[in-house]
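Q: Have a look at this one.
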Amino acid sequence: MIADRYDAFLFDLDGVLYRGDEPIEGAAGTVATLRSLGKGLAFMTNNSSRTPEAIAAQLTGLEIEARGDEVETSALATAELLRSRAVASAYVVGEEGLRDALAAAGLSVVDGNAADADSVVVGWDRGFDYAELATACVLIQRGATLVASNADATFPAADGLVLPGTGAIIAAIQTATGAHAEVVGKPNAPIFRAALDRAGGGRPLVIGDRLDTDVEGARRLGWDSVLVLTGITTKADLDSNDPPTYVVERLDRLIEDD
Ligand SMILES: [Mg+2]
């Protein structure tokens, strides 16, 4: 089986393990089988809005066993990057997961009509509004750096449609300021390396539903990848440039005998 060739399985979430509120067929059984084989697992998401514990609880609710310490989010990777640079304060356009991660890394998280901040940190924010956009733009004009947890243009919703992602919010701030955001999440390397650490190292396989984040991030690191056709990418989207190592219709193809 494909799984025999790897030690660490780095799973994207949306479009791979669930879509909206619904589990994807074959996902729970595949994760359980990999666990029973003693494989390392990590659950990796560019979504910055939720805490690792909340994500693990959601997966467990879908009968996919997961622990908080197996979850790597773009919020955690962003917090680690800013901590490593000794950035002291952040005005956050984002939700609880991003705020919690930055505070836990020792940054001062400023809110409301902030007069000053070292950085403007952007993640997915369902409450994003004009007042937040205006504050972010003023702070950047005063010298704050612009950092984004990810730049996904969209994410898949339960009914097969797509909704605006963090990239759409960043575009508003960039358009108004002329600033260019530094992006931490997939397809950039830090989140992949952090996820491999969580899985215990070894030879990694990245499993995702997006060519531009999951597959591209693996390619940049020279890692193998699986594109699973249960999410945003269809067969028609595939081309011959930099293809994933494997393309599968269902996740349980990984654990079927060759
Ligand atoms: Mg996905």
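Taken together, the values in this text are just the output of simple stated rules run on the coordinates, not laboratory data. Since this is a predicted model, take the numbers as computed values, not measurements. Heads up, the Cβs are rebuilt from the backbone with ideal geometry, glycines too, and the neighbour counts pull from every protein chain shown.
Q: Among Glu182, Glu95, Glu72, which one shows the biggest mean-square fluctuation in a GNM of the chain, springs joining Cα atoms closer than 10 Å?
A: Glu182
Q: For the range 1-143, what is one quarter of the convex hull surface built on the Cα atoms, given in nm²?
A: Mean projected area for the range 1-143: 9.8 nm², to one decimal.
Q: Work out, step by step, the length gained on full extension between Val162 and Glu96: first 0.36 nm times the residue separation, then minus their alpha carbon distance; give nm to one decimal.
A: Extra length from Val162 to Glu96 when fully extended: 21.5 nm.
Q: Could you tell me what a quarter of the Cα convex hull surface of the chain works out to, in nm² with one decimal place?
A: Projected over every direction and averaged, the Cα hull of the chain covers 13.4 nm².
Q: By how many nm would the segment from Ser36 to Asn241 lengthen if fully extended, with 0.36 nm per residue of separation less the alpha-carbon distance?
A: Taking 0.36 nm per residue and subtracting the Cα distance, the gain is 70.3 nm.
Q: Please report, to two decimal places, log10 I(q)/I(0) for the range 75-183 at q = 0.23 Å⁻¹ as given by the Debye formula with identical point scatterers on the Cα atoms and no solvent.
A: For the range 75-183 at q = 0.23 Å⁻¹, log10 I(q)/I(0) is -1.29.
Q: Rounded to the nearest 500, what is the chain's calculated 222 nm mean residue ellipticity when only DSSP H runs of at least 4 contribute -39500 (n - 2.57) each, over all residues? Mind showing how you got there, number by number?
A: Working: 8 runs with 81 residues, N = 258.
Taken over the chain, the calculation gives -9500 deg cm²/dmol.
Q: Give the shape of the range 74-136 as rounded, prolate or oblate, defined through the alpha-carbon gyration tensor: a ≥ b ≥ c are the square roots of its eigenvalues, a/c under 1.5 means rounded, and otherwise the shape is prolate if a/b is larger than b/c and oblate if not.
A: oblate
Q: How tilted is helix 27-36 with respect to the longest principal axis of the chain? Cα atoms for both, answer in degrees (0 to 90, nearest 10).
A: So the inclination is approximately 70 degrees.
Q: Distance between the C-alpha centers of the range 1-52 and the range 170-219? Whole Å please.
A: Rounded to whole Å, the Cα centres lie 17 Å apart.
Q: Spin-label point model (7 Å from Cα, Cβ direction): what's the Gln141 to Arg203 distance in nm?
A: Calculated label separation equals 5.6 nm.
Q: Which value in nm describes the separation of the simple spin-label points at Leu221 and Leu62, placed 7 Å from the Cα toward the beta carbon?
A: The two pseudo-label positions are separated by 2.1 nm.
Q: Taking 0.36 nm per intervening residue step and subtracting the Cα-Cα distance, what contour gain separates Thr234 from Ile2 on full extension?
A: That works out to 81.4 nm of additional length.
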